[in-house]
Structures are given as structure tokens and as C-alpha cells.
1. Would you point out which residue out of B:Gln51, B:Gln39, B:Gln8 is free of Cβ contacts under 8 Å to residues at least 40 places away in the same chain, surrounded by 12 or more Cβ atoms within 10 Å (Cβ to Cβ) and out of contact with any His (no Cβ under 9 Å at 6 or more places or on another chain)?
2. Looking at B:Gly10, B:Gly33, B:Gly85, which is the one that is within 13 Å of chain A (Cβ to nearest Cβ), under 21 Å from B:Thr113 (Cα atoms) and of a type in the set (Gly, Ala, Ser)?
3. Check A:Glu53 against each of (1) within 23 Å of B:Phe47 (Cβ to Cβ); (2) charged (D, E, K, R); (3) within 11 Å of another protein chain (Cβ to nearest Cβ) and name the one condition it does not meet.
4. Filtering the stretch A:81-111 down to residues that are loosely packed, with under 13 Cβ neighbours inside 10 Å and over 15 Å from A:Tyr31 (Cβ atoms), which residue is farthest from the other protein chains (Cβ to nearest Cβ)?
5. Quick one: which of A:Phe32, A:Phe61, A:Phe49 is assigned to a loop (DSSP other than H, G, I, E, B) and touching a strand residue (DSSP E or B) at 6+ places or on another chain (Cβ under 6 Å)?
6. Going through A:Ser112, A:Ser55, A:Ser73 one at a time, which residue ends up being over 12 Å from the mean Cα position of the chain (by Cα), modelled with pLDDT under 95 and part of a strand (DSSP E or B)?
7. Is it the case, given these coordinates, that B:Ser31 is of a type in the set (Ser, Thr, Tyr) and over 12 Å from the mean Cα position of the chain (by Cα)?
8. Find the residue count for the stretch A:1-48, including only residues that are of a type in the set (Asp, Glu) and touching a residue at least 40 places away in the same chain (Cβ under 8 Å).
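The values are calculated or read from the model by the stated rules, or taken from the named source; none is laboratory data. Here the structure is a predicted model, which is why all the values come from computation and not from measurement. We place every Cβ from the backbone using ideal geometry, glycine too, and count neighbours over all the protein chains shown.
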Amino acid sequence: EPEVTQTPSHQVTQMGQEVILRCVPISNHLYFYWYRQILGQKVEFLVSFYNNEISEKSEIFDDQFSVERPDGSNFTLKIRSTKLEDSAMYFCASSGEGTRQPQHFGDGTRLSIL
Amino acid sequence: AQKITQTQPGMFVQEKEAVTLDCTYDTSDQSYGLFWYKQPSSGEMIFLIYQGSYDEQNATEGRYSLNFQKARKSANLVISASQLGDSAMYFCAMREGWRGAQKLVFGQGTRLTINP
């Protein structure tokens, strides 16, 4: 069964550094998302992406965040200058066309900011 | 106000028993979808079951079923004949509207522990 793949599985970065999280969505999906989950808390929406542009972003998704689909397969989340509070699990998800289509999640990237 | 409320932070159930995980939601949209996801200790998010707001029948997927009560705005997950592998966090989520890239809003989750 096709799946969403995320790399790396764990990223450790110094505060203030830039980090890029990578995702390969399911190949025929049209809608892409990033979510984050701070340890022990609920999953929070960051941004959705369709037709090469952002559809919606949350208050969390401020100017230090950006997303890109640089080619036909990858979908990236960049955090420009990381803060301690950016430490979380980051999930990429994708979904197909149709109202009943669930969002399929990758296994996540655990980001640790030191 | 919370869009999705899961009132049970933790549940403990004996193996082979059925378990109901509660979820209530708040929306003024007529068109919405409700999802349940399982998150094992390894961290991945696994889609379990979906219920659309216009669905007349309760959704079922194997041992999972959804007790959808639209007037009460509840969408409880029922797991029949629980197994040790069902021990995990369970999240209820809602998507409002039908068009395009609609975000999911998640509840706080319920940690389910199945005892042998």
C-alpha cells in the first residue's frame, strides 16, 4: 500500500539554525499538510498546500516557517531560525480528491532543538 | 471553545472486551467529516475510520465502528473484542467543509491500555 515517507526520522539542531524536514506524499494525492505534536499534546495543524500554493496556515505558521514542493514528489517544511519551543514531532500528510478521502500521515520527524 | 472534545484521558480495558472511546464535536457547518486515528507508542498516525455528516449509516471497518449521533454531536469509536495491540493513543479529528485542502482539528486524545 502506498505511504507517506518522511526524512529524517529524528533531527537534532542547535537553536537558531535552519532545518528542513522532507516528505514524499502519496504519488496521486493532490493536497498536502504539515502538522506538529509537542510531546504529550494533541496534533496541531500548521499548513495546507494545493496547486503549488498555501491553502491555509495556522497562527503557529509564522514568518520563520515556509513550505515548498521543489519537484513533482517532495514536499518540504523549512524552519529558518529554530527556537527551543519548535521541539516537537512534525507530521506530513497527504490526501486525494474526494470528500471521503482521509489524510494519510507519515511516520513523523522528531525535531529536538538544543 | 474546543472543536473536538475527548473527555477520557485514559482507559483501561481487559483483553477481548469491547471499549467505547468518546468524542464530541462543535461545528456550525452542515458538511463535515469525522475521523479516528490511532497512535501507537512508536509515534505514527494510523487512520482507522471515517464518518461523513450526511452518512445515514454508522461507519464500520473490521473491529472498529463509529457510533454517530448527529443531534448530540458525538462520534464515539467502538472497538470490539479488544486485543493487546490496540493499546495506543486514539485521536478523534474533524474536517469542516468539503472543498479542497481542509485541515483536521484534533482532540486531546485518549490513551487506551488493554490488559491481558
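1. Just one listed residue meets the conditions, B:Gln51.
2. Exactly one of B:Gly10, B:Gly33, B:Gly85 is within 13 Å of chain A (Cβ to nearest Cβ), under 21 Å from B:Thr113 (Cα atoms) and of a type in the set (Gly, Ala, Ser), namely B:Gly10.
3. (1)
4. For the stretch A:81-111, the residue satisfying everything is A:Ser81.
5. Details: A:Phe32 fails: assigned to a loop (DSSP other than H, G, I, E, B); A:Phe49 fails: assigned to a loop (DSSP other than H, G, I, E, B).
Result: A:Phe61 is the single residue among A:Phe32, A:Phe61, A:Phe49 that is assigned to a loop (DSSP other than H, G, I, E, B) and touching a strand residue (DSSP E or B) at 6+ places or on another chain (Cβ under 6 Å).
6. A:Ser55
7. yes
8. Quick first cut of the stretch A:1-48, residues of a type in the set (Asp, Glu) only: A:1, A:3, A:18, A:44.
Among the residues that remain, those that are also touching a residue at least 40 places away in the same chain (Cβ under 8 Å) are: A:3, A:18.
Selection size over the stretch A:1-48: 2.
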